[in-house]
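Student: Provided herewith is a single structure, encoded as structure tokens, for subsequent inquiry.
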Amino acid sequence: MRPRPIAGILLRQFYLIRGSPVRALPMFAWVAIDIIVWGFITRYLNSMSAGRFNYVPSLLGAVLMWDFFTRIMQGVSTAFLEDVWSRNFLNLFATPLTLCEYITGLV
């Protein structure tokens, strides 16, 4: 993989996010909401558990990992659909860009 095409895809995504603040809000808002909600749930489970098992690291770690992969999947599919809707694939794949470089740049 070459770093220059990946940097080009990253720069394109940066320009899209910079041009529309609505795109940037979910990247931070949903992560914060998930941490707060699941933090309260794990505190409740810790207070109700009879054993000595600590739910905080396991549940929060699992939820953050789940949210991370969900956001990656959603971001890649949304970027792919935006390229389809704008008919940009001809421009992208006329270059010597490989599919692996394209997906790496989107993630």
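Readers should treat all values here as calculations from the given coordinates under stated rules, not as data from a laboratory. Quick caveat, the model's predicted, so the values are computed rather than measured. Reconstructed Cβ throughout: ideal geometry from the backbone, glycine too, with neighbour counts over all protein chains shown.
Student: Among [x] 16.3; [y] 22.9; [z] 13.5, only one was calculated for this model; which label is it, if the read-out is Kirkwood radius over Cα pairs in Å?
Tutor: It is the value labelled [x].
Student: Find out how many positive minus negative residues lie around L16, taking Lys and Arg as positive, Asp and Glu as negative, among other residues whose Cβ is under 15 Å from that of L16.
Tutor: Working: positive: R12, R18, R23; negative: E82, D83.
Its environment carries a net charge of +1.
Student: Please sort 18-25, 32-39 by packing, taking for each peptide the average over its residues of neighbouring beta carbons within 10 angstrom, highest first.
Tutor: So the order, starting with the most tightly packed, is 32-39, 18-25.
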